[in-house]
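Shown next, in structure tokens, is the structure this report addresses.
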Amino acid sequence: MSLFPDPVRFDTARPLALEVARDVAATGVDVLVVRDLLGQVSLLLDDRDQRPDEAKLSEWRSRLTTSLERYASNRPVVLGSALFQPAALFDSPRVVDESSYLAAPGQGCIRWLESTVVGEDWSRVRQTPEATGARTPRVTLYGFKGGVGRSTATAMLAKHLADRGNRVLVVDLDLESPGSGPLLLSEEATPRFGLIDQLVESAVSNTADLDLVAQASSYDAKVGEIWVSPARGKGAPGVSYSYVEKLNRIYADVPTKNGAGFADRLEEAIAACEEEVTRMSGPPDVILLDSRAGIHDIAAVAISRLCDIALLFGTDNTHTWNGYRDLFTAWRDAGQARAVRDRLRMVASMVPDSAERPMDAYLDSFREHAWSCFSVLYDDVPSGENLDDYPSAYNPSPEDDSAPHSPLPILFTLELVGLDAISTPGWSDRSFVRAAYDSFLDTATHLIFPERP
């Protein structure tokens, strides 16, 4: 009997497939649930050590075909022994454990292999560099929705860190709508090439001698430095700069000599910017990545692969929380909750403080909604059980100020609306700007350099 009313849709196909996969795993057979580009599902059974009973195989095929309807593949159950190279699927690095299933002794495991056109990098969270100690700290500034002050906050954080003696590299990853690049660099100071040129030229192994970074023209260097890699360069004199034509090509999985995909080429581009700053001045102390908004490939790479800390910007509204809940659910279902949650921290941007909506009440509401969203990524404790009996479980309270859902506030002020940072010298030192950002800057700095006083 089906759990859901007909017809079966994309979302209902998953639990229906899992229902059969659990029965297969209960017999001791490992199951790989494979979902293709159309969303159609096959169960791939690892029969290298144990061949399932023929009658059971027939039953599982029949149940999948009947219950999944249009979402059952034309081969709903496949034995690994029938494949030419079963290890290519069973041992694929893209395989993730089913997060809702824990095998009992004698039972098989259940894992997933998703085939998607874009966005696979959301489900490939890389180990944080703190664990490997291999590179300069990197911070991604991301907002599910645009227009929340992310680029301005990036510029403010860069200046705050530079004022404390750091050499800061800012990379403008908002290629569809460049943000921190124009905010920090005048047209005259902009380098000839931008990040988009690095991505285009790398596809044809032609990146030698690209100048990608310049010192921020809006920052009066005191003790530190701000270097900027803009999304677009200013181009060569007398030659049209074909930004849109480049943008239309960079996401393609072009056949590069080393087989690098878009995520690899983006990572190489960041490394190229870092190397150029190192060559011109010295190694950066910190790299700030001003990410594209929304559920986008650039954001996926910036959060999942490139950073130690991801600052998630948002305002307290339904759109924000629905978007983050979708994103967190995808991480949970891909088995990445533990890997990603430690690097996340919410930023409450554009916080009001008026008689109609006092700041404290707004932040209380924001915190409650953020905690509800982040609960998707926190560990579940069985109903009726005491959290103290599960010492390894991470399930912070809504009031926990150190938890990922605890917001770093940036106050809203009308004076910031429409402020032209390039033509307004000293804008970041004005009292209303400092008052809006002080709490955010101090806490973000401590997250980046926790060992410093």
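The values are calculated or read from the model by the stated rules, or taken from the named source; none is laboratory data. All of these numbers come straight from a predicted model, not from anything done at the bench. Note that we place each Cβ from the backbone using ideal geometry, even for glycine, and neighbour counts take in every protein chain shown. Note: areas computed on protein heavy atoms with side chains; ligands, DNA, RNA excluded. Shrake-Rupley method; radii C 1.70, N 1.55, O 1.52, S 1.80 Å.
Below are the figures for this structure:
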| read-out | value |
| --- | --- |
| FRET efficiency estimate (nearest 0.05) - Cβ-Cβ, LEU38 to PHE84, R0 35 angstrom | 0.95 |
| Accessible carbon and sulfur surface of the range 305-453 relative to its total accessible area, %, 1.4 Å | 51 |
| Nearest 10 degrees, 0 to 90: helix 431-448 Cα axis against the chain principal axis | 50 |
| Protection proxy ranking of 428-438, 174-184, 149-159 - average other beta-carbon atoms within 10 Å, highest first | 149-159, 174-184, 428-438 |
| Residue among ALA310, GLY335, GLY294 farthest towards the positive dipole end of the range 282-343, charges placed on Cβ | GLY335 |
| Student exercise, the range 69-117 dipole from Lys, Arg, Asp, Glu Cβ charges, in Debye to nearest 20 | 140 |
| Relative contact order, percent, the range 229-327 [alpha-carbon distance under 8 Å, six or more residues apart] | 14 |
| Per residue solvent-accessible surface (Å²) - the range 166-271, probe of 1.4 Å | 45 |
| Potential lengthening between ASN395 and VAL204 on full extension [0.36 nm per residue; Cα-Cα distance subtracted] | 64.0 nm |
| Whole-number percent relative contact order across the chain, with pairs defined as alpha carbons under 8 Å at least 6 apart | 16 |
| Relative packing of peptides 326-334, 290-298 - highest average C-beta neighbours within 10 Å first | 290-298, 326-334 |
| Whichever aspartates and glutamates have a C-alpha closer than 12 Å to that of LYS222, once near sequence neighbours (fewer than 8 apart) are set aside | ASP163 |
| Calculated FRET efficiency for the pair ARG94/ARG430, C-beta based, R₀ 51 Å, to 0.05 | 0.55 |
| Rounded Å value of the spacing that divides the Cα centres of the range 199-251 and the range 302-357 | 29 |
| The range 164-241 - percent of accessible surface contributed by carbon and sulfur, probe 1.4 Å | 46 |
| With Cα atoms, 0 to 90° folded angle of helix 359-374 axis to the chain main axis | 30 |
| Whole-Hz couplings from phi, Karplus 6.51/-1.76/1.60, listed for the range 55-62; x for Gly and Pro | 5, 5, 4, 4, 5, 5, 4, 5 |
| Stretchable slack from GLU54 to THR329, in nm (0.36 nm times residue separation minus alpha-carbon distance) | 95.4 nm |
| Solvent-accessible area per residue, Å², over the range 1-106 with all protein chains present [probe radius 1.4 Å] | 58 |
| Net charge, SER73 excluded, C-beta distance under 11 Å - Lys, Arg +1, Asp, Glu -1 | +3 |
| Charge dipole magnitude, Cβ of K and R +1, D and E -1 - the range 169-219, Cα centre, debye nearest 20 | 100 |
| Cα-centred dipole magnitude for the range 2-93, charges only on beta-carbon of K, R (+1) and D, E (-1), debye, nearest 20 | 220 |
| Rough spin-label spacing in nm, given labels placed 7 Å along Cα→Cβ, for LEU447 and SER186 | 3.4 |
| Stokes-Einstein D for the chain, Kirkwood Rh over Cα pairs, 25 °C, 0.890 mPa s (µm²/s) | 101 |
| Label-point gap, in nm, between THR65 and ASP379 - each point 7 angstrom along Cα→Cβ | 4.4 |
| Per-pair calculated FRET efficiency, R0 = 51 Å: VAL223 and SER365 via Cβ, rounded to 0.05 | 0.80 |
| Extent along principal axes [Cα atoms of the range 45-108; Å; largest to smallest] | 30, 30, 25 |
| Cα convex hull volume per residue for the range 141-195 (Å³) | 92 |
| Neighbourhood net charge (12 Å Cβ-Cβ; Lys/Arg +1, Asp/Glu -1) for ASP174 | 0 |
| Packing rank of 135-143, 279-287, 227-235, 92-100, where each peptide gets the mean count of other beta carbons within 10 Å, highest leading | 227-235, 135-143, 279-287, 92-100 |
| The range 164-289: antiparallel DSSP beta bridges as a percent of all, rounded to 5 | 20 |
| The chain: angle of helix 150-163 to the longest principal axis, Cα-based, in degrees nearest 10 | 60 |
| Estimated distance in nm for a label pair at SER177 and SER372, the labels positioned 7 Å out from Cα along Cα-to-Cβ | 2.6 |
| Whole-percent carbon and sulfur share, accessible surface of the range 41-107, 1.4 Å | 51 |
| Charge-dipole axis of the chain as Lys and Arg at +1 and Asp and Glu at -1 on Cβ define it, positive-most pick from SER397, VAL213, THR140 | VAL213 |
| Calculated Rg and Dmax of the range 274-406 using C-alpha coordinates, Å | 17.4, 60 |
